[in-house]
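Here the structure is laid out as structure tokens; the discussion comes afterwards.
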2 protein chains.
Amino acid sequence: MFNIETYKDRRQRLKERMKDGILLFLGNNESPMNYPANVYPFRQDSTFLYFWGLDQPALAAVIDLDQDKEIIFGDDFSVDDIVWMGPQPKLHDLCAQVGVQTVKSSADLANFIFRALQKGRPIHFLPPYRHDNMIKLQEILGIRADYLKNYVSVPFIKAVVELRSVKSEEEIIEIEKALDITYQIHLEAMKLIRPGLKEYEISGVLKGKAMSLGGSLSFPMIFSVHGEILHNPHQLNLMEKGQLVVLDCGGEAPSHYAGDITRTLPVSGKFSEEQKAVYQAVLSAQTAAIEMIQPGIRFRDVHLEAAKVLTLGLKELGLMKGNIDDAVQAGAHALFFPHGLGHMMGLDVHDMEDLGEEYVGYDEHTKRSSQFGLANLRLARELKSGFVVTVEPGIYFIPQLIDLWQQEQKFKDFINYDKLESYRHFGGIRIEDDVLVTENGCRILGKLIPKRIEGIEAIMQK
Amino acid sequence: MFNIETYKDRRQRLKERMKDGILLFLGNNESPMNYPANVYPFRQDSTFLYFWGLDQPALAAVIDLDQDKEIIFGDDFSVDDIVWMGPQPKLHDLCAQVGVQTVKSSADLANFIFRALQKGRPIHFLPPYRHDNMIKLQEILGIRADYLKNYVSVPFIKAVVELRSVKSEEEIIEIEKALDITYQIHLEAMKLIRPGLKEYEISGVLKGKAMSLGGSLSFPMIFSVHGEILHNPHQLNLMEKGQLVVLDCGGEAPSHYAGDITRTLPVSGKFSEEQKAVYQAVLSAQTAAIEMIQPGIRFRDVHLEAAKVLTLGLKELGLMKGNIDDAVQAGAHALFFPHGLGHMMGLDVHDMEDLGEEYVGYDEHTKRSSQFGLANLRLARELKSGFVVTVEPGIYFIPQLIDLWQQEQKFKDFINYDKLESYRHFGGIRIEDDVLVTENGCRILGKLIPKRIEGIEAIMQK
Ligand SMILES: [Mn+2]
Ligand SMILES: [Mn+2]
């Protein structure tokens with residue numbers, strides 16, 4: 001938890017951006033696995049954490065803009081609870097630590113909202129993503145759960161996005177704590193990966209590592225010898241000599257700030273010559289992209305520059321041909337690089353994704369493209385000092401996509417389908433770092449995790 | 001996944017127990033952490049797994065009792081999905097593996113139910129515990145999410161409980177796989193625990209261990225030097241010489257069957273004389289309880305016998321006094337042993353807890369007591385061959401509870417409050433094993449994890 005002034009200041013700046021009505025914040029609740037009392041690890045809502053700092057379930061809060069009041073709704077534990085749970089801090093004391101004096105019972109929230117509705121005052125709420133909170137909103141607002149999305153407050157979303165997008169120094173410190181955990185996971189992976197083991201035998205240890213360091217993971221780890229499968233939660237494959245492992249993972253600090261780093265590692269500890277060539281193309285694209293990052297540049301342009309460097313590399317490999325600018329403008333590179341270059345990162349690994357990418361990654365000046373590949377870009381708008389973004393280009397050989405495109409001879413002036421055949425089982429390579437946009441340029445966050453070929457091989461050979 | 005005949009047979013026996021109407025089964029969906037796409041590890045609903053075997057999100061199934069039809073509702077992945085997720089098995093083929101020929105789209109479920117409702121046919125459904133499924137039931141049944149609990153089908157609950165309570169040989173094999181993982185976690189703990197480390201430094205490694213063995217945990221691990229705090233998800237304490245660690249954890253096999261074992265371990269590797277005396281009382285109670293287990297005995301009587309052995313031990317320590325039978329009948333022992341002796345275990349660690357303890361642990365012959373302590377007994381009814389139950393007595397010194405009782409001089413004829421003062425910071429001890437009720441008696445499941453004082457010290461001293 002940060003200092004009391006941090007939370008008061010955040011709420012003050014939020015209030016300055018909103019006109020009137022009630023701002024309603026729902027904290028998260030425990031989330032059941034296979035019966036109500038058997039729950040997943042608790043994760044507080046990030047916007048609730050940002051403005052109210054309290055990291056426990058079953059809370060709500062309001063800011064009454066018209067009367068300039070802040071109230072937290074929640075319940076103290078009963079004496080009976082305390083027999084089972086040990087001594088617990090009083091909610092009133094916790095709220096005081098974040099600058100809130102008024103605490104009411106959970107049961108009072110519905111009444112509070114009802115009275116405001118009766119007076120015709122606007123109730124601003126953010127898009128709910130937990131179904132228990134949808135049911136709660138249905139109960140207190142009288143809007144059917146499946147219609148709630150039509151009633152969310154766009155001004156509230158925009159104000160929250162504006163504030164949360166720019167990270168303070170104390171937030172950067174927390175992100176770097178998450179990256180310390182991430183560093184240790186990656187270094188451990190480089191030591192443990194070897195042929196003959198199943199993916200989960202290593203990834204299990206790595207997940208435990210995050211917890212044994214006092215943190216957790218900011219998202220389900222990707223650990224796969226099939227890096228070309230971009231949405232791949234499974235870790236059942238045998239790791240074999242000659243394969244590459246894509247390890248995309250992020251620690252989460254106790255404060256819940258995220259890290260998100262990808263490395264691609266040779267199972268045997270040494271890259272083949274073919275792997276080196278593709279790897280070098282991805283690394284060059286990542287380096288070029290990071291060098292461009294500074295306030296005022298559009299992230300879409302950084303993405304497109306990375307795509308061009310990738311295309312150059314693919315041309316050198318004989319897999320693409322023709323004019324690079326034309327190929328990228330047409331979207332031909334997306335056969336190999338179908339996802340976006342990166343995303344905002346903060347309290348969420350895809351920061352504020354629950355609030356809508358159209359508000360977080362796009363704005364009135366930058367609209368989403370519908371082109372395959374570019375359409376998946378999560379962040380396109382102009383960067384500002386204080387943004388933290390990921391930079392994660394990749395080259396993948398996706399058999400299903402190659403077949404689809406080859407059948408229609410799509411972009412045949414830019415793609416050498418014949419040459420591609422021998423890369424069919426190559427897999428994929430991605431390299432990702434987390435970058436802070438500074439006043440003059442940018443800074444890669446966290447302790448350096450080796451990404452040069454020689455650096456990785458040196459650690460893995462030991 | 002078991003053989004096709006297993007699932008067909010389970011559904012057949014369910015049908016024989018139900019009269020008419022539609023049995024509606026909702027599988028679980030992905031569960032969001034901090035935004036919709038960032039999800040917790042998927043956990044299928046256990047009843048869905050039991051009857052339909054399919055371990056993936058976004059499925060539903062019905063048994064139409066009147067027309068003797070079985071239908072699974074779900075959707076295949078699109079070509080676009082497969083580009084991101086790699087080749088996927090067809091739902092029709094998966095369903096065929098569990099003996100179901102009819103597969104319909106998810107979108108057809110609402111229509112199917114609506115037509116049945118129009119014909120006035122009963123729709124049997126189980127108590128929902130996932131809020132997304134509550135919203136789905138609200139949509140398809142027209143019953144407000146918060147009223148659904150009033151409309152669940154008691155005959156359906158009772159039929160499911162009757163079937164799932166008795167474990168087949170192939171289920172026992174799966175439980176023993178979960179116990180293999182549990183064994184390895186406990187043995188690793190005995191090797192790693194030492195003074196000067198934080199709890200999470202070890203518990204993190206242990207959680208990773210479960211995953212690196214290809215499994216997971218059946219519930220959030222308890223790993224605490226404050227064993228007297230019974231509901232304690234935190235692992236932030238420093239482990240110090242002289243303290244005891246309560247480690248209550250269970251592996252979950254890939255099939256999702258559970259294990260659940262508790263050991264209490266000395267941080268230094270050696271128990272003190274005082275700790276040995278309390279430990280021995282708990283171990284004697286556990287041994288006595290296990291020896292009683294056989295078909296036909298009420299688990300409440302096993303619980304009460306364990307309570308008597310604990311009371312005897314507490315008398316020998318000078319902490320209790322008076323007639324043992326009278327003390328236990330009055331509930332005086334519950335100051336030290338406020339929870340129940342155990343619970344059913346199977347696909348859920350507290351098996352079928354979502355269906356209601358009144359149906360799983362109690363029946364028309366055995367009603368729940370309201371006495372403090374005994375009221376918390378999850379399982380009281382008569383045992384049958386094939387039940388798997390946990391046996392987990394404990395002795396705890398809970399300062400908040402001691403203070404409450406001492407203030408009212410509760411059971412002062414049975415409790416020596418003066419003597420208790422020196423045990424105030426003792427902590428707690430619990431010992432738990434998982435037991436199969438056999439034709440003639442019982443069998444402790446899984447490989448033996450040391451629980452005698454000498455056995456534990458021998459491993460921890462190495
Ligand atoms: Mn990323
Ligand atoms: Mn248990």
Next on the checklist: Give me the residue from the range A:407-429 that is of a type in the set (S, T, N, Q) and either over 21 Å from residue A:331 (Cβ atoms) or free of Cβ contacts under 8 Å to residues at least 12 places away in the same chain (or both) and, out of that set, most open to solvent (accessible area, probe 1.4 Å).
Outcome noted: A:407
Item to check | Elements of type helices (runs of 4 or more DSSP H) contained in the range B:101-172, each with 1 or more residues being closer than 19 Å to residue B:15 by Cα | outcome: B:108-118, B:154-165
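This table checks each residue for (1) surrounded by fewer than 19 Cβ atoms within 10 Å (Cβ to Cβ); (2) in contact with a Leu (Cβ under 6 Å, 6 or more places away or on another chain).
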residue: A:284; (1), (2): yes, no
residue: A:291; (1), (2): yes, no
residue: A:296; (1), (2): yes, no
residue: A:299; (1), (2): no, yes
residue: A:303; (1), (2): no, yes
residue: A:311; (1), (2): no, no
Checklist entry - Just to be sure, is residue A:247 under 20 Å from residue A:449 (Cβ atoms), away from ligand 2 (no atom under 16 Å from the Cβ), over 21 Å from the mean Cα position of the chain (by Cα) and not in a helix (DSSP H, G or I)? => result no
Checklist entry - Could you say which residue among A:217, A:230, A:197, A:192 is in the same structural domain as residue A:397 (by TED's automatic domain parsing) and closer than 30 Å to residue A:2 by Cβ? => result A:217
Checklist outcome for this item: Checked A:372, A:299, A:336 against criteria (of a type in the set (Phe, Trp, Tyr), closer than 19 Å to residue A:436 by Cβ and either without any contact (Cβ under 8 Å) to a residue 60 or more places away in the chain or assigned by TED's automatic domain parsing to the domain that holds residue A:429 (or both)); the one match is A:299
Item to check | Which numbered condition residue A:385 fails, given (1) surrounded by fewer than 16 Cβ atoms within 10 Å (Cβ to Cβ); (2) away from chain B (no Cβ under 14 Å) | outcome: (1)
Next on the checklist: open to solvent by 70 Å² or more (accessible area, probe 1.4 Å), modelled with pLDDT of 95 or more and among the aliphatic types (A, V, I, L, M): is that true of residue A:107 in this structure?
Outcome noted: yes
Checklist entry - Only one of (1) farther than 28 Å from residue A:33 by Cβ; (2) in contact with a strand residue (DSSP E or B) (Cβ under 7 Å, 6 or more places away or on another chain); (3) of a type in the set (A, V, I, L, M) is not met by residue A:137, so which one is it? => result (1)
Item to check | When residues of the range A:39-65 are limited to those that are within 12 Å of chain B (Cβ to nearest Cβ) and β-branched (Val, Ile, Thr), the one most open to solvent (accessible area, probe 1.4 Å) | outcome: A:39
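Conditions (1) more than 16 Å from ligand 1 (Cβ to nearest atom); (2) within 14 Å of chain A (Cβ to nearest Cβ); (3) touching a strand residue (DSSP E or B) at 6+ places or on another chain (Cβ under 8 Å), marked per residue:
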site: B:350; (1), (2), (3): yes, yes, yes
site: B:373; (1), (2), (3): yes, yes, no
site: B:394; (1), (2), (3): yes, yes, yes
site: B:418; (1), (2), (3): yes, no, no
Next on the checklist: Within the range A:177-225, take every residue that is more than 11 Å from chain B (Cβ to nearest Cβ) and among the charged types (D, E, K, R) and give me the one that is farthest from residue A:460 (Cα to Cα).
Outcome noted: A:177
Item to check | The one condition in (1) touching a Lys or Arg at 6+ places or on another chain (Cβ under 9 Å); (2) within 16 Å of ligand 1 (Cβ to nearest atom) that residue A:293 fails to fulfil | outcome: (1)
Checklist entry - Just wondering, is there one or more residues in the range B:371-378 that are open to solvent by less than 10 Å² (accessible area, probe 1.4 Å), away from ligand 2 (no atom under 13 Å from the Cβ) and aliphatic (A, V, I, L, M)? => result no
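The values are calculated or read from the model by the stated rules, or taken from the named source; none is laboratory data. Quick caveat, the model's predicted, so the values are computed rather than measured. All Cβ positions, glycine included, derive from the backbone under ideal geometry; neighbour counts span all protein chains shown. These accessible areas exclude ligands, DNA and RNA; they are computed on the full protein's heavy atoms, side chains included. Shrake-Rupley method; radii C 1.70, N 1.55, O 1.52, S 1.80 Å.
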